[in-house]
Amino acid sequence: MNLIRLRTLIYKETHRFLKVWLQTLMSPVIIAVMYFAVFGGALGSQIAEIKGIPYAVFIIPGLVLLQSTNNAFMNPSSSLIISKYSGTMSDLLLPPITPMEKVLGFLFGGVVRGFLIALLIFITAGIFTGKFFPEHWIGFFVILFLANGLFSILGTIAGIWAKTFDQSSSISTFIITPMGFLGAVFYSLEMLPPLAQKISMLNPFFYLVDGLRWSFLGISEVSPYLSFGVSLGLFCVFFAINYGLFKTGWRLKI
Amino acid sequence: MPILAFDAVTKSFGDLKALDEITFTVKKGELFALLGPNGAGKTTLINCLNGLTDRDSGKILVMGEDPQKNPSFTKMKLGIVEQELVFDHFFSAIEILRIRRGLFGLPPDEAYLDWILEKLNLTDKRDAKPMGLSGGMKRRLMIAKALAHNPEILILDEPTAGVDIALRQNLYKFLKELQKEGKTIILTTHYLEEAEFLADTICIQASGKTLLVEDKKNLLERNNGKNLEAIFLELTA
C-alpha cells in the first residue's frame, strides 16, 4: 500500500465534492431540514412519543442516514461514471494504483462526504430539539462509518457497472431510495402489522437505522449486536466484491 | 536489451483483428515514430502497452518486464499522452499535475512541475481550469500530465493535433531536449513531415500489421530522395 497514492486518491475524491459544496453538502442538509419540519413538526404533533422519545427526536437518526448514505453512494458512482464519459478513467488506470488503494480511495471519499452531511444534519436537528450528543459515542461513530462506508462501496460498484448516467441513477432511484424510506426511518416496527414487520426486517437499511438510533438515542427495535453484526457483515461482503472488481478491471479496461 | 519489445502481439475486438502479430523493438534514448492511417492499430498497441487493454497473445516487454505481469513497474516507466483531451475539470492545471504525480505514489515536487509548465509555455495558466484553456494549451497540458512522474519512456499519441506552428516548433525543441536527457520517445502522428524531422526510427503500421520498421536515414537513402509521405503512401495504398 502506497500512502501517497491513497492520500491523493482520497484528496481527489473529496475535493471534487468540496469544490461544489452548496450542491453536495448544503442541498441534502436543506432536504433533511424540510423532512424534519414536515414530519417532525407537523405530523409529530399527532404522534406523542415512541418508546418514550418525542417523535421529532425519534426520526433524527433515520433522516441523517437517508441523506448521508445517499450522498456516500453518489460520490463514487458519479465520479466513476463521469470518468467513463469524459475519458478521465485513464487517470485511474495509467498510474500503478493497486485494487486495495482504489477501494479505499473511493470508500473514504464517500465516507467523508457522508460524515460531513451527517454532522451538519445532527447539528441542525439539535438546534430544533436540544438533542446534540449520542448516548453511545463509539457505537455512534462505528455505525456511521459502516453505513456510509457500505453505501460508498455500493456506489463504487454501481459506478463500475453502469455504462450510462441513466443506469447509475436507476440504482439510486429504484433500489437505494426505496430501501431507505422503507427502513423504519419515520416509524417504529411496532406501528406496522406483523407481515410488514417481517418484511422490514429483511431490509438491510433497517439495521443501519436501528443501530444508529440505539447509539444516538439509546433505544432500538432489535438487539444492537444484531444491527452492528448485519452492518459489518454487509460491509465486508461488498468490500470483497468491490476489491474483486477492481482487481479484474471489469468494465473499466477497454 | 531494447527498452521496449513487441513480439507477435495480437489483439482482436470481435471479428476485427486490431493487432496482427506486431513485432518490433525500441532502443533506449531513441525517438521512434509509429505511423499509420486511421484504424491501423496504433492506439490499441499503446493501450496494450500501458495495461488499458489486455492483449490476446504475444509478448510485450518494458525494460524487460511484462506489463500484464508486473504492471506497477512498467506503469512507472511509461508516460502516456492520450489522443483525447481529457481532464478532471474540477481542478486547475497545477492541481491536475500534482494529482497525477501523487497517483504515481511520488512525493510533491513543485519545482519539477513548474519546470514542465515553463517548458510547455503554460506557466501563466498554472492556476487555470482546463475549460479556460485553448485546444493547443490543453494538448500541452496533456503532455505535462504525462511527464508529471518523470517517466523514462514518453509515448505521445497525436500530440500536435490542434497546435499552431510556432508552438509546434517549441514542442519539437522540448521533445529533442527530453531525448537528450535520455528519455525514449514514441510518437504517433499524422503529420509525416513531423516524423521525418524528429524521428530516428520509422515504423509504419496498417490494418493491424507492421509494414516497415527502419532507421529513418536508411529509409530515405534507400528510397532515392523520396520523402516520408511518398514512402508512406506507397506502402499503405
Inset, instruction - Check off (1) within 12 Å of chain B (Cβ to nearest Cβ); (2) of a type outside the set (D, E, K, R); (3) in contact with a Lys or Arg (Cβ under 8 Å, 6 or more places away or on another chain); (4) surrounded by fewer than 19 Cβ atoms within 10 Å (Cβ to Cβ) for A:LEU18 and give me the number that stays unchecked. - result: (3)
Inset, instruction - Starting from region A:233-254, keep only residues that are touching a residue at least 40 places away in the same chain (Cβ under 8 Å), then list their pairs with residues that are surrounded by fewer than 17 Cβ atoms within 10 Å (Cβ to Cβ) and in a helix (DSSP H, G or I) whose Cβ atoms are within a distance under 7 Å, requiring at least 6 positions of separation or different chains. - result: A:LEU234/A:PRO204; A:TYR243/A:PRO99; A:TYR243/A:MET100; A:PHE246/A:PRO99; A:LYS247/A:PRO99; A:ARG251/A:TRP161
Legend entry - Test set (1) in contact with a strand residue (DSSP E or B) (Cβ under 7 Å, 6 or more places away or on another chain); (2) within 14 Å of chain A (Cβ to nearest Cβ); (3) more than 25 Å from A:PRO96 (Cβ to Cβ) - B:ALA146 fails condition number: (3)
Legend entry - Subset of region B:161-204 that is polar (S, T, N, Q) and crowded, with 20+ Cβ neighbours inside 10 Å - its residue that is farthest from B:LYS138 (Cα to Cα): B:THR201
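Identify the residue in region B:40-96 that is among the hydroxyl-bearing types (Ser, Thr, Tyr) and surrounded by fewer than 19 Cβ atoms within 10 Å (Cβ to Cβ) and, among all such residues, is nearest to the other protein chains (Cβ to nearest Cβ).
Ranking the qualifying residues of region B:40-96, first place goes to B:SER72.
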Inset, instruction - Could you please give the count of residues in region A:84-142 that are in contact with a Phe, Trp or Tyr (Cβ under 6 Å, 6 or more places away or on another chain) and within 12 Å of another protein chain (Cβ to nearest Cβ)? - result: 3
Legend entry - strands (runs of 3 or more DSSP E) lying entirely in region B:161-237 (those with 2 or more residues that are under 14 Å from the mean Cα position of the chain (by Cα) and in contact (Cβ under 8 Å) with a residue 40 or more places away in the chain): B:184-188, B:201-206
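Here's the yes/no breakdown for (1) surrounded by fewer than 20 Cβ atoms within 10 Å (Cβ to Cβ); (2) of a type in the set (Gly, Ala, Ser); (3) in contact (Cβ under 8 Å) with a residue 40 or more places away in the chain; (4) in contact with a Leu (Cβ under 9 Å, 6 or more places away or on another chain):
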{"site": "A:MET34", "(1), (2), (3), (4)": "yes, no, no, no"}
{"site": "A:GLN46", "(1), (2), (3), (4)": "yes, no, no, no"}
{"site": "A:GLY52", "(1), (2), (3), (4)": "yes, yes, yes, no"}
{"site": "A:ILE59", "(1), (2), (3), (4)": "no, no, yes, no"}
{"site": "A:LEU66", "(1), (2), (3), (4)": "no, no, yes, no"}
{"site": "A:THR69", "(1), (2), (3), (4)": "no, no, yes, yes"}
{"site": "A:ALA72", "(1), (2), (3), (4)": "no, yes, yes, yes"}
{"site": "A:SER77", "(1), (2), (3), (4)": "no, yes, yes, yes"}
Legend entry - Residues that are loosely packed, with under 14 Cβ neighbours inside 10 Å and either of a type in the set (Lys, Arg) or not in a strand (DSSP E or B) (or both), drawn from region B:1-36: B:MET1, B:GLY14, B:ASP15, B:LYS27
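If you check A:PHE140, A:PHE174, A:PHE133, which single one turns out to be surrounded by fewer than 16 Cβ atoms within 10 Å (Cβ to Cβ) and either touching a residue at least 40 places away in the same chain (Cβ under 8 Å) or not in a helix (DSSP H, G or I) (or both)? Steps first, please.
Numbers: A:PHE140 fails: surrounded by fewer than 16 Cβ atoms within 10 Å (Cβ to Cβ); A:PHE174 fails: either touching a residue at least 40 places away in the same chain (Cβ under 8 Å) or not in a helix (DSSP H, G or I) (or both).
After ruling out the rest, the residue left standing is A:PHE133.
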Inset, instruction - For residues that are more than 19 Å from A:PHE151 (Cα to Cα) and part of a helix (DSSP H, G or I), tally how many sit in region A:185-206. - result: 9
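No lab work stands behind these numbers, since they all come straight from the coordinates. Model, not experiment: these values are computed from the prediction. We place every Cβ from the backbone using ideal geometry, glycine too, and count neighbours over all the protein chains shown.
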